[in-house]
Amino acid sequence: MSDAVGPGDLVICVNVAPNHGTGRPVPLVAGESYRVFGVMDFACPCGRADALLDIGVDFAWCQTRFRLLPKPKAQTRTRRVTAPKELEPVD
């Protein structure tokens, strides 16, 4: 996933298991989306990921805790333009 994720992308948290290094609870919320500030190409100590994600909460998190959200697609909308009514002059 590290090649697909970049700074500015949105990811959703899917794993709020305790920190696998320390055993402490994580401050992440399951189902909440986070913006990626940076991708660090360091192997995670768990061995399941080849990068750590910086999302602005604590330091860095294993990328296996997140899934990449699709980018929103631009949609064209037709808009109605209202023109002023033409008034007839009164003599």
Handout entry: Kirkwood estimate for segment 10-57, i.e. one over the average of 1/r between Cα atoms, Å
Key = 11.6 Å
Fill in the blank from the handout: Interchain or sequence-distant (5+) residues whose placed amide H lies within less than 5 Å of the amide H of Gly38 are Asp54
Problem - In order through segment 78-91: 3J(HN,Hα) via Karplus (6.51 cos²θ - 1.76 cosθ + 1.60), integer Hz, x for Gly, Pro - result: 8, 10, 8, 9, 8, 9, x, 6, 7, 9, 8, x, 8, 8
Practice task
Could you work out the longest stretch of the chain that avoids the trypsin sites (Lys or Arg not before Pro) located in DSSP loops with at most 12 other Cβ atoms within 10 Å?
Solution key: 1-47
Completion exercise
By the Kirkwood definition, with r running over pairs of different Cα atoms, the chain has a hydrodynamic radius in Å of 15.9 Å
Fill in the blank from the handout: The answer for chymotrypsin sites (Phe, Trp or Tyr not before Pro) in segment 13-85 that fall in a DSSP coil and have at most 15 neighbouring Cβ atoms within 10 Å is Phe37, Phe42, Phe59
Problem - Computed E for Arg77/Ser33 - FRET, C-beta separation, R0 41 angstrom, nearest 0.05 - result: 0.95
Practice task
Would you work out the relative contact order for segment 7-91, in percent, from Cα pairs under 8 angstrom that are 6 or more residues apart?
Solution key: 28 percent
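Values quoted throughout were computed directly from the atomic coordinates according to the rules given, and no laboratory measurement underlies them. Keep in mind that this is a model prediction, so the values were computed, not measured. Positions of Cβ are generated from backbone atoms using ideal geometry, with glycine treated the same way; all protein chains shown enter the neighbour counts.
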